[in-house]
Amino acid sequence: MKSVQIGICGLGTVGSGVYNILQRNAELINCRANSAITVTHIGSRRDNPLCDIGQTRISRDIFEVARDPDIDIVVELIGGTSVAFDLVMMSIKHGKHVVTANKALIAENGAEIIAAAEQRGVIVAFEAAVAGGIPIVKALREGLAGNRINWLAGIINGTSNFILSEMASKGRAFPDVLAEAQAKGYAEADPTFDIEGIDAAHKLAILASLAFSIPLNIEGIFIQGITQLQQLDIVYARELGYAIKHLGIARQTDEGVELRVHPTLIPEASVIAGVNGVLNAVMVDADALGSSLYYGRGAGSEPTASSVLADIVDISRTLDNPPSSWVPTLGCPLTRLVEQEMIPVTNIETCYYLRFSMFDAPGALSDATKIMAEAGISIEAIIQKEQPVGIDYVNVIVVTNRIPERLLNAALSKIEQLSSVQGSVFIIRLEHLDQ
Ligand SMILES: NC(=O)c1ccc[n+]([C@@H]2O[C@H](COP(=O)([O-])OP(=O)(O)OC[C@H]3O[C@@H](n4cnc5c(N)ncnc54)[C@H](OP(=O)(O)O)[C@@H]3O)[C@@H](O)[C@H]2O)c1
């Protein structure tokens, strides 16, 4: 059996998981990889009590690992995009294969990293970067290689999903659930990337590149987080038969690709509506297979490490083969990826949930519905919610048919100008996930 020497950089949540699984399942993993895989060098600023590394060499300077001539695969698990980028580029320069769980790094700097790796004849693998332990990268790149992907939609940020699930099931307020998510370690001390949709956008960029064979690009993604959502929207949506989930959606259209991350109403009966807590799920619609669903733990020490190990085993299996026989990182070689038009959100077409506050007077509602009718917007459902005694305004909730967003926006600005309407109209996009 050939020997494969691993260097782990970053011995935090995921790094310790990788080390521990490699010890526990060594025999099985070595058999599957047909290699003797050993961690021989760790780069970490500190020891991790969750991980007994015995006599394994440890360097406080992670770059020592990239320079170590005996290391075959550098596993980057420090996070961030500055030091991690330098580490990965140095590893490639020294002829190391790289495994990373770092979605921000791949989404933002993937093109440069993969180009350097292709040139140097090494592999960069990132199964753990999207949806943690769910093997969605492999599914898109290999399992669905014969399909044209029509669209995919996923719950790809566990923190947002945990917060929305708690708000929906227990009626809790956003700040309260966010504080719990931070205390439980689901959300970072600075949760901006999670709750503002940036983390999901990084993952969507990677998924879209794999699904549509387009270059990695986060620029064209419409990004909206969950911070504007109110408990009452979750309640009204449920009354109408919908759940609200934070989705990453990528869709191939005749005009180009739509890439968007935002809260979305989806039918309560859909499978993905039942994905709660920190779990992730990605639904893929492909021309030959039809719909398929990938579901499981999208974060956590060992679930994420499970994907890192899959990459380590993959690389170990292929080490002796020529680069031409390797599965390309993004499904096809970088030079064969084709740019597509990024469709701005104003040009998308979907259904909408609208909520606005209106003075409770005869004829007021018909003024608003007349504007919608004139714009060609059909109303699929409408409810008017009485406010407590003493408040003369009512909440009006409307579900529209499928319409271009620019038409909706034009109608909404007219509705907002009605003297009976207070404030602006709050919208949430609605998807049936069936077309
Ligand atoms: N946790 C998850 O569930 C999960 C899921 C999917 C993907 N990921 C990705 O996996 C990567 C690692 O995440 P994690 O949760 O394991 O993070 P973590 O628990 O914070 O661990 C990161 C480790 O890297 C160390 N580190 C950071 N910069 C360093 C440097 N310049 N030199 C040496 N050590 C350095 C940190 O050391 P200090 O403690 O000294 O700062 C820490 O021990 C990230 O890219 C993350 O996005 C994580």
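All of the numbers you see were taken from the coordinates with simple rules; none came from a lab. The shown structure was predicted, so the numbers you read here are calculated from the model rather than taken from an experiment. FYI the Cβ positions are ideal-geometry reconstructions off the backbone, even for glycines, and counts take in every protein chain you see.
Let me check against my output: what whole-number percent is the relative contact order of segment 310-435, with C-alpha pairs under 8 Å and at least 6 apart?
Relative contact order here is 34 percent.
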Taking only Cα atoms and a 10 Å spring cutoff, compute GNM fluctuations for the chain and point out the largest among Asn161, Asn102, Asn401. Asn401
Charge dipole magnitude, Cβ of K and R +1, D and E -1 - the chain, Cα centre, debye nearest 20: 740 debye
So how much slack lies between Glu188 and Phe359, counting 0.36 nm per residue of separation and subtracting their Cα-Cα distance, in nm? 57.4 nm
Can you tell me the relative contact order of the chain? Whole percent, Cα pairs under 8 Å, sequence separation 6 or more. 16 percent
Amide H contacts under 5 Å for Asn25, placed H, 5+ residues apart: none
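Once R0 is set to 45 Å, what does the formula 1/(1 + (r/R0)^6) return for the Cβ-Cβ distance between Arg60 and Glu268, expressed as a FRET efficiency to the nearest 0.05? It would help to have the intermediate numbers written out before the result.
Values: r = 52 Å, r/R0 = 1.15.
Efficiency, from the Cβ-Cβ distance: 0.30.
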Measuring from centroid to centroid over Cα atoms, what is the spacing of segment 406-435 and segment 301-375 in Å? 22 Å
For the pair Asn401 and Asp287, what calculated FRET efficiency results from E = 1/(1 + (r/R0)^6), where r is the Cβ-Cβ distance and R0 = 22 Å, to the nearest 0.05? 0.25
Under Karplus coefficients 6.51, -1.76 and 1.60, residue-wise ³J(HN,Hα) of segment 355-370 in Hz, glycine/proline x: 10, 8, 9, 9, 5, 7, 10, x, x, 4, 5, 5, 4, 5, 5, 5
Convex hull over the alpha-carbon atoms of segment 349-430: what's its volume per residue in Å³? 80 Å³
What length, rounded to one decimal in nm, is gained on full extension from Glu416 through to Arg317, with 0.36 nm per residue of separation minus their alpha-carbon distance? 29.5 nm
To the nearest 10 degrees, how steeply does helix 13-24 sit against the main Cα axis of the chain, on a 0 to 90 scale? 50 degrees
Using a Gaussian network model of the chain whose springs link C-alpha atoms within less than 10 Å, name the residue from Ile391, Ile234, Ile218 with the highest mean-square fluctuation. Ile391
With θ set to phi - 60°, apply the Karplus curve 6.51 cos²θ - 1.76 cosθ + 1.60 along segment 108-113 and write out the HN-Hα couplings as whole Hz, x wherever there is a Gly or Pro. 8, 10, x, 4, 5, 5
Mind checking the angle between helix 301-318 and the chain's longest principal axis? C-alpha axes, 0 to 90 degrees, to the nearest 10. 50 degrees
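For a Förster distance of 30 Å, can you work out the FRET efficiency between the beta-carbons of Glu112 and Ser325, rounded to the nearest 0.05?
For R0 = 30 Å, the calculated efficiency reads 0.80.
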When only C-alpha pairs under 8 Å and at least 6 residues apart count, what is the relative contact order of segment 185-293, in percent? 22 percent
Just to be sure I understand the model, the point goes 7 Å from the Cα along the line to the Cβ. What's the resulting Asp86 to Asn34 distance in nm? 4.0 nm
Quick one: Cα centre-to-centre distance for segment 282-299 and segment 207-263, in angstrom? 15 Å
Per-residue ³J(HN,Hα) for segment 156-170, Karplus 6.51 cos²θ - 1.76 cosθ + 1.60, θ = phi - 60°, Hz, x for Gly and Pro: 10, 10, x, 5, 4, 5, 4, 5, 5, 5, 5, 4, 6, 7, 10
